[in-house]
Amino acid sequence: MDERTVEANIRLYDSHAPLTGTSAQQMRARESGGAYPLKKYHNLVKLRLLKEFAQDCDALLDLCCGRGGDIHKWINCNVGKVLGVDISTMEIMEAKRRYEEAVQKRPGARLKAKFNLVDCLGTKDLDFGEKFDVVTCMFAIHYFFVSEAAIKQFFRNVAAATKPGGHFVATFPSGKKVLQTLNQREEYRQPMLFLRKGWEGRDPSKPFGQAFECAISDTVTRAETGSKDGEFVGSREYLVFFNVIKALAREVGLELVTTYRSAELSCLFQDEDANSGFKHFKPPGSFDEAHESLRRASELYVATVFRMGEQAGNAGKRPRGGGPEADGGAKKPRNGGSEGEGKGT
Ligand SMILES: C[S@@+](CC[C@H](N)C(=O)[O-])C[C@H]1O[C@@H](n2cnc3c(N)ncnc32)[C@H](O)[C@@H]1O
């Protein structure tokens with residue numbers, strides 16, 4: 001995977017992990033932030049996706065887990081075991097801290113979680129030591145569209161980690177929506193959303209590596225600081241097109257799920273997507289007027305779910321001797337941070 005993208009993400013996410021205050025203090029700060037309605041709705045989408053696809057499951061792998069924002073959702077869904085992996089040392093440290101705090105508060109919870117630092121999800125074959133009922137990648141798969149090689153490697157790792165009949169659940173910004181919002185302009189600048197194209201010419205010419213800058217106020221990507229002197233200072237992201245992701249998933253045995261059983265989940269998405277495998281977010285009317293640009297930001301996103309075929313579990317299988325790493329490629333922390341198993345910081 002290209003080093004510029006990896007380094008940019010490490011810098012961005014390391015610099016934003018909140019390493020002070022308890023979760024309750026952090027929650028109060030979040031609630032007073034301008035993007036709170038968006039965060040609340042996006043968290044609800046994740047919770048209901050997990051309720052539908054991960055309720056009571058034994059093992060879940062969360063790729064690009066961030067600071068453990070989904071720990072309480074896993075507990076609420078009675079998930080048994082979670083392995084979370086991410087590229088950011090600081091996010092992993094914060095995830096460990098939050099996990100310790102969560103299990104102290106909810107001692108009856110079934111959840112046993114581990115968080116590992118990895119930087120090679122899109123670079124090499126990983127062996128997580130077991131297969132999972134559910135694999136998730138929330139708000140992060142678009143980073144792997146930096147190149148065809150990176151996203152193909154990412155999908156091979158997803159396939160190798162997913163049990164036959166298991167699910168892969170992802171949320172990401174739709175490339176088409178980003179293009180529609182930019183509407184042929186160099187950039188789109190609104191109070192809470194900043195987008196800027198990174199490709200030359202009018203239209204993106206390729207299905208991979210088409211970078212854009214995305215910044216949403218009061219989130220890890222902040223609109224008010226978006227783009228200085230042509231440098232990306234928001235998040236460097238890549239366009240994702242539905243036909244491309246669907247074809248890549250199919251290559252490794254993952255089939256698109258088009259309908260969800262739960263009405264509570266389906267009602268969070270646009271009605272016209274009822275039978276589509278890519279469901280556009282439908283932010284609640286409550287943030288229409290005061291937060292027009294926040295609504296625009298939320299509407300960039302889609303949820304998608306794939307199911308691993310019963311026979312297709314072998315699609316992601318690697319030849320023996322291919323350098324398996326039973327810890328999922330876990331690496332030593334940068335910055336000498338304490339990474340003791342399950343220890344908070
Ligand atoms: C927008 S955050 C989403 C975090 C979490 N999934 C959530 O829903 O709250 C994106 C995460 O992807 C991680 N990330 C970006 N590129 C990555 C890579 N190549 N390998 C692993 N993690 C990566 C970042 O460090 C960050 O924590």
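The values are calculated or read from the model by the stated rules, or taken from the named source; none is laboratory data. The structure presented is a predicted model; accordingly, all values stated were derived computationally and were not measured. With ideal geometry, Cβ positions are generated from the backbone for all residues, glycine too; neighbour counts draw on all protein chains shown. The protein model used for the area step is the full one, side chains on, heavy atoms only, and it has no ligands, DNA or RNA in it. Shrake-Rupley method; radii C 1.70, N 1.55, O 1.52, S 1.80 Å.
Remarks
- Ile10 accessible area, 1.4 Å probe, all protein chains in place, Å² to nearest 10: 10 Å²
- The Cβ shell under 14 Å around Arg48 holds other residues with a net charge of +4, Lys and Arg each +1, Asp and Glu each -1.
- Length gained when the stretch Thr259-Asp58 is fully extended (0.36 nm per residue, less Cα-Cα span): 70.0 nm
- The distance linking the range 135-178 with the range 44-113 is 19 Å (Cα centroid to Cα centroid, whole angstrom).
- Long-range HN-HN contacts of Phe115 with modeled amide H, under 5 Å: Gly84, Gly342
- Vicinal HN-Hα couplings computed from phi for the range 243-253 (Karplus, 6.51 cos²θ - 1.76 cosθ + 1.60; Hz; Gly/Pro x): 4, 6, 5, 5, 5, 5, 5, 4, 4, 9, x
- At the residue level, Glu186 shows approximately 120 square angstrom of accessible surface with a 1.4 angstrom probe and all protein chains present.
- 3J(HN,Hα) from dihedral phi, the range 291-297, Karplus parametrisation 6.51/-1.76/1.60, rounded to Hz, x for glycine, proline: 10, 3, 6, 6, 4, 4, 4
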